[in-house]
Structures are given as structure tokens and as C-alpha cells.
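Read the structure below first, then the notes.
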Amino acid sequence: MLRFAKHLNLAGLGLRSMQSYYRDLDLLSRFTGKDPAYASVSSIRDYIVHVKCELGWAPKTIRKAIAAMKHFYRDMLGKKIALLDQIKAPDRQSLPEVLSREEIVRIFREV
């Protein structure tokens, strides 16, 4: 992990990004119980499912964690893990709030 911290420093990322990426790999390490360099593709998949389904991470947070893993596996270790390119975390779609008649009348009174 110290090597990853040095790699992030040389990558020219901002301090908060470096801290966030390091934290993401640390969380993966804790989940798998081993150094992330030795994590299997199936354990990485299990981790992503865990944070998405059980912890309810937002799509943006999942995309950031995947970016951290890409930096670690692809850029630092030279491993291409196809799974990281296959995971999609689209933004959540939210429906607009429907106003009641009373709320609409109150809005028009204020205008």
C-alpha cells in the first residue's frame, strides 16, 4: 500500500483524490482480508456488489472506487482486469415531486 501511495503522488492527483483512492484500496483490503495486489477478480466483484447492494453506496462513490482500482491494478501493477471496465454505475434517476392542488394554489398566490 505504501507503493500505491507513492504511485498516486507521482500521478499528479490532488491531495483529496489521493486520500480517497488510498482509502478505497484499504477498504478493499479489509473486505478481502489480504493485500489488494493478491485479490482475485471474484473477490473484487464481491466487494463491488457489497458496497452497492449492502452498503448502498451512491453511483458516484462506486465510480470513484473503480477509478482507484484501475489506478492500482492497471497503472501501478500492469494488470488488466476486464471486470473494472464492465461495471456500470449510472446516476440514480429521481422522479420530480408532484405538488398537491393546495401547494400549487399557494405558489401562485405568492407570485
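Just read off the accessible area of Asp75 with the full protein assembly in place, 1.4 Å probe, to the nearest 10 Å².
90 Å²
Are there any GluC sites (Glu not before Pro) in region 1-109 that are in a DSSP loop and have at most 11 other Cβ atoms within 10 Å? List them by number.
Details: sites: Glu54, Glu97, Glu102, Glu103; in loops: Glu97.
Passing sites in region 1-109 are Glu97.
Stick to the Cα atoms of region 16-61, pair each with every other, and give me the Kirkwood hydrodynamic radius in Å at one decimal.
Details: mean 1/r = 0.0904 Å⁻¹.
Mean inverse Cα-Cα distance, inverted, gives 11.1 Å.
Can you return the lysines within cross-link range of Lys79? Criterion is Cα-Cα under 19 Å, with same-chain partners fewer than 8 residues away left out.
In chain and number order, the partners are Lys6, Lys34, Lys64, Lys70.
Could you put Arg63, Arg92, Arg109 in order of accessible surface area, largest first, with the 1.4 Å probe and the full protein assembly present?
On the way: Arg63 95, Arg92 160, Arg109 190 Å².
Greatest to least solvent exposure: Arg109, Arg92, Arg63.
At 222 nm, what value in deg cm²/dmol follows for the chain if DSSP H runs of at least 4 each add -39500 (n - 2.57) and the sum is divided by all its residues, to the nearest 500? Working shown, then result.
Details: 6 runs with 63 residues, N = 111.
Here the helix-only value at 222 nm equals -17000 deg cm²/dmol.
For labels at Glu103 and Lys34 in the simple 7 Å Cα→Cβ model, what's the distance in nm?
5.2 nm
GNM on the chain, C-alpha springs below 10 Å: top fluctuator among Ala82, Ala37, Ala65?
Judging by the Gaussian network model, the answer is Ala82.
Please identify, among Val49, Val41, Val98, the residue showing maximal mean-square fluctuation in a Gaussian network model of the chain using a 10 angstrom Cα cutoff.
Answer for the Gaussian network model of the chain: Val98.
Can you pull the accessible area of Ser29 for me, 1.4 Å probe, Å² to the nearest 10?
About 30 Å², rounded to the nearest 10.
For a quick check of understanding: with a 1.4 angstrom probe and all protein chains in place, what accessible area in square angstrom does His50 have, to the nearest ten?
40 Å²
Please find, in a Gaussian network model of the chain (springs between Cα atoms separated by less than 10 Å), the residue of Pro90, Pro36, Pro59 whose mean-square fluctuation is greatest.
For the chain, modelled as a Gaussian network with Cα springs under 10 Å, the answer is Pro90.
What would the Debye equation give as log₁₀ I(q)/I(0) for the chain at q = 0.10, 0.15, 0.20 Å⁻¹, counting only Cα atoms as equal point scatterers?
Treating every Cα as an identical point scatterer, log10 I(q)/I(0) equals -0.40, -0.65, -1.08.
Quote the relative contact order of the chain in percent (integer), defining contacts as alpha-carbon pairs under 8 Å separated by 6+ residues. Each step should come with its number before you reach the end.
Details: 59 pairs, mean separation 26.7, N = 111.
Normalised by residue count, the contact order of the chain is 24 percent.
Using 0.36 nm per residue of separation minus the Cα-Cα distance, give me the extension gain between Lys70 and Asp26 in nm, one decimal.
Values: separation 44, 0.36 × 44 = 15.84 nm, distance 1.42 nm.
Between Lys70 and Asp26, full extension yields 14.4 nm more.
The values are calculated or read from the model by the stated rules, or taken from the named source; none is laboratory data. Computed from a predicted structure; not experimentally measured. Heads up, the Cβs are rebuilt from the backbone with ideal geometry, glycines too, and the neighbour counts pull from every protein chain shown. In case anyone asks, the SASA skips ligands and DNA or RNA and just uses the protein heavy atoms, side chains included. Shrake-Rupley method; radii C 1.70, N 1.55, O 1.52, S 1.80 Å.
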